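Undergrad: Quick one: the structure is below, and I'll ask about it shortly.
The values are calculated or read from the model by the stated rules, or taken from the named source; none is laboratory data. Remember, predicted model here, so these are calculated numbers, not experimental data. A quick note on method: Cβ atoms are made from the backbone with ideal geometry, for glycine too, and the neighbour counts reach across all protein chains shown.
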């Protein structure tokens, strides 16, 4: 057993990060399905359901290494809540959803370069509706 | 000194999002927290605070349709028992707009941790809530930790006339 009296803050954080790594597969395992449910809820105009899925994804994704999913889901949640500077066009919402779907299409093998390029392209669209996203 | 020994801490997590609760549990377990209790409902959490000594509570803002702050109010108004109204409470929320933050502060939360969180943020907020407690205010209008985080650093007046103590003319 470890002598916890000698443990430093950095060691504690390192232990916690290792513990989080063990949960990553659980998050990644249903990421694609959750995004698909989000898309369905948006298309069916089930606002509360869509907001709930977007909020949960927003609150979880960055912890498990998916910061762009968090940002995009935050944008979607705020748009659905009417919390925007300019109402986005349907086309912009569709572009955002498509980018999100592409980012999570193969979550076990994330493509960092592709996702970064996608987000860079998407960002002006997101910012047009919510300036401080 | 930063909080590094959590082995004596009894912590309750209240979150209806099972996955977020599990994530927080894993972080606290890795920190070697002494006891971690997870409640999915406010009702369960209210039972636990009357039955178990706790050192800190993490509660989700959105639990049961935004009833997280209602739980904070319950704690701040409770009579002394297993726990008292000064019990440190950390609010977890993905909503970080000023309105939510001011509302949380006015309900008497000690700390707010924004989701998605990372282990270093969890440790920092826990350390603040437990080791850097602010003066506890218990008045009709407000019960909770002092809402002013910073002490105003004013030195004693050394001039001829101190206007702060002067009576209006």
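Undergrad: Does at least one position in region A:17-31 carry a residue that is surrounded by 19 or more Cβ atoms within 10 Å (Cβ to Cβ), farther than 30 Å from residue B:5 by Cα and within 9 Å of chain B (Cβ to nearest Cβ)?
TA: no
Undergrad: So in region B:25-48, with the set limited to residues that are assigned to a helix (DSSP H, G or I) and within 10 Å of another protein chain (Cβ to nearest Cβ), which one is surrounded by the fewest Cβ atoms within 10 Å (Cβ to Cβ)?
TA: Of everything passing the filter in region B:25-48, B:29 is surrounded by the fewest Cβ atoms within 10 Å (Cβ to Cβ).
Undergrad: If you scan region B:7-22, which residues turn out to be at the interface with another protein chain (Cβ under 8 Å from one of its Cβ atoms) and touching a residue at least 24 places away in the same chain (Cβ under 8 Å)?
TA: Across region B:7-22, the qualifying residues are B:7, B:17, B:20.
Undergrad: Checking the structure you have, find out if any residue of region A:74-82 is under 26 Å from residue B:61 (Cβ atoms), more than 8 Å from chain B (Cβ to nearest Cβ) and more than 18 Å from the chain's Cα centre (by Cα).
TA: Yes, region A:74-82 contains at least one residue that is under 26 Å from residue B:61 (Cβ atoms), more than 8 Å from chain B (Cβ to nearest Cβ) and more than 18 Å from the chain's Cα centre (by Cα).
Undergrad: Another question, then. Checking residue A:132 against (1) without any contact (Cβ under 8 Å) to a residue 40 or more places away in the chain; (2) under 28 Å from residue A:29 (Cβ atoms); (3) assigned to a loop (DSSP other than H, G, I, E, B): exactly one of these is not met. Which one?
TA: Looking at each condition in turn, residue A:132 falls short on (2).
Undergrad: Identify all residues within region B:114-131 that are within 7 Å of chain A (Cβ to nearest Cβ) and either surrounded by fewer than 18 Cβ atoms within 10 Å (Cβ to Cβ) or free of Cβ contacts under 8 Å to residues at least 40 places away in the same chain (or both); write none if there are none.
TA: If the condition is that a residue be within 7 Å of chain A (Cβ to nearest Cβ) and either surrounded by fewer than 18 Cβ atoms within 10 Å (Cβ to Cβ) or free of Cβ contacts under 8 Å to residues at least 40 places away in the same chain (or both), then B:116, B:118, B:120 are the ones that fit.
Undergrad: Could you figure out which of (1) under 17 Å from residue A:107 (Cα atoms); (2) modelled with pLDDT of 95 or more; (3) surrounded by fewer than 20 Cβ atoms within 10 Å (Cβ to Cβ); (4) within 11 Å of chain B (Cβ to nearest Cβ) isn't true of residue A:58?
TA: (3)
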